1. State whether the residues of region A:90-102 include one that is out of contact with any Ser or Thr (no Cβ under 8 Å at 6 or more places or on another chain), away from chain B (no Cβ under 14 Å) and open to solvent by 20 Å² or more (accessible area, probe 1.4 Å).
2. Being without any contact (Cβ under 8 Å) to a residue 60 or more places away in the chain and not aromatic (Phe, Trp, Tyr): is that true of residue B:136 here?
3. Within the group B:185, B:189, which residue is of a type in the set (A, V, I, L, M, F, W, C), touching a Pro at 6+ places or on another chain (Cβ under 7 Å), in the same structural domain as residue B:234 (by TED's automatic domain parsing) and in contact (Cβ under 8 Å) with a residue 60 or more places away in the chain?
4. If you check B:119, B:129, which single one turns out to be touching a strand residue (DSSP E or B) at 6+ places or on another chain (Cβ under 9 Å) and farther than 26 Å from residue B:200 by Cα?
5. Hey, among B:149, B:120, which residue is closer than 26 Å to residue B:66 by Cβ, in the same structural domain as residue B:185 (by TED's automatic domain parsing) and without any contact (Cβ under 8 Å) to a residue 60 or more places away in the chain?
6. Restricting attention to region B:53-80, which residues are near the ligand (Cβ under 10 Å from one of its atoms), out of contact with any Ser or Thr (no Cβ under 6 Å at 6 or more places or on another chain) and either among the basic types (Lys, Arg) or more than 23 Å from residue B:42 (Cα to Cα) (or both)?
7. Of the conditions (1) open to solvent by 30 Å² or more (accessible area, probe 1.4 Å); (2) within 14 Å of chain A (Cβ to nearest Cβ), residue B:225 fails just one. Which one is it?
8. Restricting to region B:65-112, and then to whatever is buried (at least 19 other Cβ atoms within 10 Å of the Cβ), among the hydroxyl-bearing types (Ser, Thr, Tyr) and touching a residue at least 60 places away in the same chain (Cβ under 8 Å), can you tell me which residue is farthest from residue B:205 (Cα to Cα)?
Amino acid sequence: MKRCLIIDDSSVIRKVARRILEGFGFAIVEASDGRQALDACRKDMPEAILLDWNMPVMDGYEFLRALRSMPGGDKPKVVFCTTENDLAHIARAMHAGADEYIMKPFDKEIVQAKFQEVGLL
Amino acid sequence: MTPFDFDFLCKLLKERSGLVLTHEKEYLVENRLMPVVRRVGCATIAELIQRLKAPAADALKVEVTEAMMINESFFFRDKNPFDQFRDTILPELIEKRSKRRRIRLWSAAASSGQEPYSLAMMVASFSRLADWQIDIVATDISNEVLEKARAGIYSQFEVQRGLPIQMLMQHFEQVGEQWRISDKVRKMVQFRQHNLLTDLSVLGMFDVVFCRNVLIYFDQATKVDALERIRRQLAPDGYLILGAAETVVGLSDVFAPVPDKRGLYRPKPKPLAVAAVKPGAAGARVA
Ligand SMILES: C[S@@+](CC[C@H](N)C(=O)[O-])C[C@H]1O[C@@H](n2cnc3c(N)ncnc32)[C@H](O)[C@@H]1O
């Protein structure tokens, strides 16, 4: 079973995303900020990461840069999922090593399309 | 709505667009007609139907027909046919048309433009085609969707279902909450109002026809007829691409499925008797 780490400081969003991704057969791990998420990755690197941008402690962008420079951190497919809905943010995220980008609000079809796009479904 | 009213609408729609309605769809018909009822100042659907029966109701008939259409579309819908277009069809055509350096593509029920623009974005990614003439003709029966297609402006929701983020970055610009396709891609597509039930020869010959998620709404005879007429506009070594839930198998013998390539069809070679007909005769017939 593929594992997906959901990183978002909103428990509501995590719950919605969890329900969608469990529906696609993922085993879910949750983190509410970038620091927690890095710890989770050190313990057990997931195949997929759904990543919010704005979070306390360590934001999604910093997390991504840290992830991509740690051993094995190039493996997970990272899909940003954020309210930062402008081209400048998208370009920054892709440049830092994101694989896809979801602009909130999202729904099941969007998550499905984006996960298919990066070969996770 | 009375059964007579419903039958009248079915007949109108079938005649005009080929679309077949079944009785379970009655609620849907009412939902879609109510905005028209209000717009033209009728009180009820019954009154609208009375007006449709009056002489010179042609504009109203067009409006009602358009309101009944299912226009849903996505960029790179179902992904697989577009991957095949990029990986199999285009490379093959680049070889075969290297003398003429011209390729003609047709999106035969283009709706709000996602399908032809998806093709245009793929073509744009082939640097070898930079100095070729690539015609992308996009037709639909509905002027309303074509207007949206020509504008090339899509909601955040629409650009996230099937459009890879790299393509969004490369080919779209942001206008407020919406996304507009670049002029470069927009200009690659010619949009034309055209009904698949009418003469197709005016559109010319094509190398590839995307006819997706429209035949599915037609009855058997209309499908067969449309497929035969599409066949006449397709180069003998061209391709037809149907929707994920559509097939020609058991329906028409003018196309054959391409083995191992789901959704792709090639015209069957013409029988000798037909090949002997005077040049110019084929393709000119009006249905
Ligand atoms: C569901 S959309 C398909 C859009 C696109 N091909 C796709 O697969 O995403 C069907 C379209 O067929 C158009 N249509 C219906 N009857 C037609 C006809 N007789 N001739 C041309 N277009 C027609 C409708 O207006 C609508 O835009």
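1. No.
2. yes
3. It is B:189.
4. After ruling out the rest, the residue left standing is B:129.
5. B:149
6. B:70, B:72, B:74, B:77, B:78
7. Just one mismatch for residue B:225, condition (2).
8. Here the answer is B:65.
The values are calculated or read from the model by the stated rules, or taken from the named source; none is laboratory data. A quick note: this is a predicted structure, and the numbers were derived from the prediction, not measured. Methodologically, a virtual Cβ is constructed for each residue, glycine included, from the backbone with ideal geometry; neighbour enumeration extends over all protein chains shown. For accessibility, only protein heavy atoms count, side chains too; no ligands or nucleic acids. Shrake-Rupley method; radii C 1.70, N 1.55, O 1.52, S 1.80 Å.
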